[in-house]
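Values in this text are rule-based calculations from the coordinates and carry no lab data. This is a predicted model, so every value here is computed, not measured. Cβ atoms come from the backbone with ideal geometry, glycine included; neighbour counts cover every protein chain shown.
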Amino acid sequence: MIEFCILGSGMAGSTIANLLSKKSSVEIFDKARGAGGRSSNRRFKNGASFDHGLQYIFPKNKLFKRFLINLERKKIIKKWEGNHLDLTLRVKRPGNKYIGKKSNSDIQKYLVKNISTNYKSSIDKIIYKKDHWVILVNNKFYRCRNLILTCPYPQMLTLARKYLKKNFLKEKIVMQPNMTAMIAIKKDYNIPVSSIRFKNKILGWATNENSKNRFKTKFNLWTIQSNETFAKKIIKKYKKRKKFYLQVIIKEFLNILGLKNSDIFFKELHGWKYSHNNEPIKLNSYWDKKLRLGICGDWFNGPRVEDAWISAQDLYKKIKK
Ligand SMILES: Cc1cc2nc3c(=O)[nH]c(=O)nc-3n(C[C@H](O)[C@H](O)[C@H](O)COP(=O)(O)OP(=O)(O)OC[C@H]3O[C@@H](n4cnc5c(N)ncnc54)[C@H](O)[C@@H]3O)c2cc1C
């Protein structure tokens with residue numbers, strides 16, 4: 001029997017898996033094609049590559065900073081320099097912005113590299129049997145002593161509601177959406193910025209992927225995120241009118257940059273239903289010692305990848321107690 005089954009290989013899942021694997025047998029199941037979760041990278045047949053989730057890491061927590069400095073030494077991540085334009089004019093906190101050396105899922109890939117992982121493996125049902133868990137993955141059953149869930153809150157609730165303590169069920173956690181457009185435009189337009197934070201009715205943020213100096217491309221690649229208000233308006237209906245909403249986002253972006261629609265070679269839109277939670281709760285993670293059920297994820301602590309890491313560290317301490 002597996003000691004720890006872990007659902008998810010995002011920052012929370014890969015961190016807790018890495019910590020537990022030092023002394024226990026661990027197996028990861030992720031419905032995605034690889035590690036990363038909301039920090040994943042999208043690569044297209046034409047060679048264009050976009051960090052369409054996590055944009056960059058800007059650490060606050062001392063231990064997390066130390067963790068990143070160590071990863072920088074190992075050449076897993078690097079500093080993201082250049083001209084970061086902030087049109088919201090808010091006061092800037094000093095510090096380094098970090099990105100993955102090859103893509104923003106590099107940290108997760110590094111953390112799970114020696115762990116048994118099952119991708120394209122969705123956990124569809126969990127059942128508690130006296131002293132162990134049975135999980136259903138792609139019509140196959142697995143047994144494990146401990147079960148750790150690291151998916152966004154609503155997905156966790158669907159799977160585990162009947163096993164959760166009443167107090168925890170009282171928590172109000174609302175995950176907000178995000179719309180992300182990915183575009184390739186003519187290389188002749190050398191736009192000398194690495195990123196733009198907007199104060200705009202549609203847009204929230206844009207990253208110039210070329211500024212990350214990871215690979216050669218004949219395009220100018222941009223990842224463009226909507227703001228939260230716009231995403232909330234369209235997240236439930238965008239799939240039916242994908243082309244239209246993609247064009248709405250692109251048009252706004254091109255207008256600001258003074259570019260023409262005809263200069264676009266490639267475009268794609270991704271909707272994140274559960275992008276982030278703005279309202280942290282008091283708990284950093286959840287551990288039911290009796291059932292041996294653990295839960296961690298960014299949404300306990302806030303909207304950023306650092307929050308997922310802190311949550312996983314907290315759960316690890318609880319399990320080891
Ligand atoms: C558009 C966007 C931009 C962001 N920008 C930033 C930023 O600039 N800076 C920052 O710090 N943070 C940013 N974030 C937030 C950051 O990406 C998250 O905080 C972090 O990645 C969350 O990690 P996690 O492990 O908690 O969850 P996730 O990364 O969501 O991991 C959960 C994993 O569970 C898997 N899963 C779900 N259900 C199942 C199932 N039933 N069976 C098997 N597997 C399942 C998923 O495939 C996923 O891999 C951004 C997020 C988004 C969406």
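When every Cα-Cα distance of the stretch 175-277 is counted in 5 angstrom steps from zero, the calculated P(r) takes the values 2, 12, 25, 25, 18, 11, 5, 1 percent. With a cut-off of 13 Å between beta carbons, the residues surrounding N167 carry a summed charge of +3, where Lys and Arg count +1 and Asp and Glu -1. Nearest 10 degrees, 0 to 90: what angle lies between the long axis of helix 62-73 and the longest principal axis of the chain (Cα atoms)? Between the helix axis and the principal axis of the chain, the angle is about 70 degrees.
Have a look at H276, H132, H52 and tell me which one the Gaussian network model of the chain (Cα, springs below 10 Å) gives the largest fluctuation. Among H276, H132, H52, the largest mean-square fluctuation in the Gaussian network model of the chain belongs to H132. Debye calculation, C-alpha points only, no solvent: report log10 I(q)/I(0) for the stretch 5-49 at q = 0.17, 0.18, 0.23, 0.27 Å⁻¹, in the same order as the q values. Here the Debye-derived log intensity ratios amount to -0.52, -0.56, -0.76, -0.92. Every pair of different Cα atoms in the chain enters the Kirkwood calculation, which places the hydrodynamic radius at 20.6 Å. Altogether, the Stokes-Einstein calculation at 10 °C and 1.306 mPa s, with the Kirkwood radius of the stretch 96-201 over Cα pairs as Rh, returns a diffusion coefficient of 85 µm²/s. Pairs of Cα atoms nearer than 8 Å and 6+ residues apart set the relative contact order; for the stretch 252-321 it is 24 percent.
Taking W299, W80, W222 in turn, the Gaussian network model of the chain (Cα-Cα springs below 10 Å) assigns the largest fluctuation to W80.
When peptides 213-221, 260-268, 289-297, 177-185 are ranked by their average number of other Cβ atoms within 10 Å per residue, the highest-first order is 177-185, 289-297, 213-221, 260-268. Return the subset of K165/K321; K172/K273; K212/K273; K109/K236 for which the Cα-Cα distance in this structure is over 23 Å, preserving the input order. Pairs exceeding 23 Å: K212/K273; K109/K236. One quarter of the surface of the convex hull around the alpha-carbon atoms of the stretch 74-132 equals 8.8 nm², the direction-averaged projected area. Judged by the mean number of other Cβ atoms found within 10 Å, the most tightly packed of the peptides 120-128, 227-235 leads the ranking 227-235, 120-128.
Spin-label model, L87 to V134: label points 7 Å out along the Cα-to-beta-carbon direction sit 5.6 nm apart. Checking every one of the trypsin sites (Lys or Arg not before Pro) in the stretch 21-110 against DSSP loop status and a limit of 13 other Cβ atoms within 10 Å picks out K22, K23, R33, K45, K60, K74, K75, R90, K92.
Counting other C-beta atoms within 10 Å, and keeping those with at most 10, which DSSP coil trypsin sites (Lys or Arg not before Pro) do you find in the stretch 141-174? Sparse-neighbourhood loop trypsin sites (Lys or Arg not before Pro): K170, K172. Comparing D307, D106, D288 in a Gaussian network model of the chain, where Cα atoms under 10 Å apart are tied by springs, the biggest mean-square fluctuation is seen for D288. Counting only DSSP beta bridges whose two residues both lie in the chain, roughly 70 percent are antiparallel.
Where only DSSP H runs of four or more residues are counted, the chain gives -7000 deg cm²/dmol as its mean residue ellipticity at 222 nm, each run worth -39500 (n - 2.57).
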